[in-house]
Amino acid sequence: MQRIKISTEGPEFSRIALGMWRSNEWKMSTAELLAFIEKSLEMGFTTFDHADIYGLYTCEAIFGNALAQNPSLRDKMEIVTKCGINLVSENRPENTFHSYNTSHKHIIKSTEKSLENLQTSYLDVLLIHRPDPLMDADEVAEALHHLHKSGKVKHFGVSNFTPFQFDLLQSRLNFPLVTNQVEISVLFMDTLHDGTLDQCQQKRISPMAWSPFGGGRIFTGNSEQEQRVRNELKKIGEELGGAAIDQVALAWLLKHPSKIIPVLGTGNIDRVRHAAGALDLELSRDQWFRIWSASAGNEVP
Ligand SMILES: NC(=O)c1ccc[n+]([C@@H]2O[C@H](COP(=O)([O-])OP(=O)(O)OC[C@H]3O[C@@H](n4cnc5c(N)ncnc54)[C@H](OP(=O)(O)O)[C@@H]3O)[C@@H](O)[C@H]2O)c1
């Protein structure tokens, strides 16, 4: 598996990352999850994406328990996690309303809890999960500088930020943000056209693409768009010598010059292995734009 520096000052990620959002639904034992992690690492998938809230605040600890069975794996992987959303859950009785919280106090407390749950002493990357309308950029920067200085977090990024929101936070930091994790897929192209990916190229940072298969809709969705896209992915897969639609959908992301890191959501190790085949596919410009047109429902202007 290819590795790339996601920004000029690092860190280095696997070209495709694995997302842990659904991991509480996989119903794996600790030993099974450990085996999933070990096999992924053997194949070169080293970047694991988390958030404090996944599984109503349970997924980080599920992963941490597996990692604790073999702590030597920690330095062979990159751990990304997020903070800034408050969910109402019995696991956080202090949360009384679904809201955002990017206060200094919350960022520090949430990160320390993530470290404890993940059973690690440091995070490779911490992301602010969603743009918070009450975000005080100076206050966030102070929290991030503190976490950086303490060695608890090596790098920082954002998620679902507009370029303007990204620039605002960056303007208060004395180190560069390393990614913006946003939705990008053959079914969701807004971020291709709203300046998000242009900003990533400008700053030479790789965006991370969440829900690269539309949360599974490219396989099963029945809307007109989903059917059009699936048919086109199939046709192009045949033209490429029998590639499957998941591989073509990933190759479409990988072709983008901003060097998108797709974040897979599967808990099926065979699907992880299969996805790696996308790295061997080279779409032509025509094939890329045929998928774009199938998604948009029209040709480019
Ligand atoms: N920053 C954010 O705001 C944000 C938001 C959402 C997600 N994320 C991150 O992005 C990651 C990926 O999101 P996602 O889970 O929506 O990604 P996804 O890869 O688009 O969707 C995953 C779903 O597709 C199914 N699937 C995958 N490959 C398949 C195949 N070959 N055939 C049939 N079904 C298949 C999976 O089921 P199986 O498990 O059965 O394979 C799973 O239900 C998350 O884990 C999280 O880390 C971030």
Query raised in the report: Does Arg204 count as closer than 16 Å to Ile6 by Cβ, more than 16 Å from the ligand (Cβ to nearest atom), of a type in the set (D, E, K, R) and loosely packed, with under 15 Cβ neighbours inside 10 Å?
Result: yes
Query raised in the report: Does Ser223 count as in contact with a strand residue (DSSP E or B) (Cβ under 8 Å, 6 or more places away or on another chain) and either within 9 Å of the ligand (Cβ to nearest atom) or at pLDDT 95 or above (or both)?
Result: no
Report summary line: When region 267-301 is checked residue by residue, the ones that are aromatic (Phe, Trp, Tyr) and open to solvent by 50 Å² or more (accessible area, probe 1.4 Å) are Phe289
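Looking only at strands (runs of 3 or more DSSP E) that lie completely in region 1-42, which have at least 3 residues being surrounded by 18 or more Cβ atoms within 10 Å (Cβ to Cβ)? I'd like the intermediate steps shown before the answer.
Details: elements: 3-5, 12-14, 17-19.
In region 1-42, the matching strands (runs of 3 or more DSSP E) lie at 17-19.
Matching residues to (1) over 28 Å from Ser14 (Cα atoms); (2) open to solvent by 30 Å² or more (accessible area, probe 1.4 Å); (3) part of a helix (DSSP H, G or I); (4) among the acidic types (Asp, Glu):
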residue	(1), (2), (3), (4)
Glu60	no, no, yes, yes
Ser72	no, yes, yes, no
Glu112	no, yes, yes, yes
Leu115	no, no, yes, no
Thr120	no, no, no, no
Report task. Go over the candidates Glu232, Glu183 one by one and state the one that is closer than 24 Å to Ala276 by Cβ, open to solvent by less than 60 Å² (accessible area, probe 1.4 Å) and away from the ligand (no atom under 16 Å from the Cβ). Result -> Glu232
Query raised in the report: So which pairs qualify, if the first residue must be in region 1-28 and more than 10 Å from the ligand (Cβ to nearest atom), the second must be polar (S, T, N, Q) and in a loop (DSSP other than H, G, I, E, B), the Cβ gap must be under 6 Å, and the two must be at least 6 apart or on different chains?
Result: Ile6/Thr179; Ile6/Ser206; Ser14/Thr46; Arg15/Gln2; Asn24/Thr58
Query raised in the report: With (1) within 10 Å of the ligand (Cβ to nearest atom); (2) more than 20 Å from Ala296 (Cα to Cα); (3) open to solvent by less than 20 Å² (accessible area, probe 1.4 Å); (4) of a type outside the set (A, V, I, L, M, F, W, C) as the list, and Ser258 as the residue in question, which single condition is left unmet?
Result: (1)
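The values are calculated or read from the model by the stated rules, or taken from the named source; none is laboratory data. Predicted model, so just to flag it, every value in this text is computed and none were measured. Here the Cβ is made from the backbone with ideal geometry for all residues, glycine too, and neighbour counts use every protein chain on show. Keep in mind that these areas ignore ligands, DNA and RNA; they rest on the heavy atoms of the full protein, side chains included. Shrake-Rupley method; radii C 1.70, N 1.55, O 1.52, S 1.80 Å.
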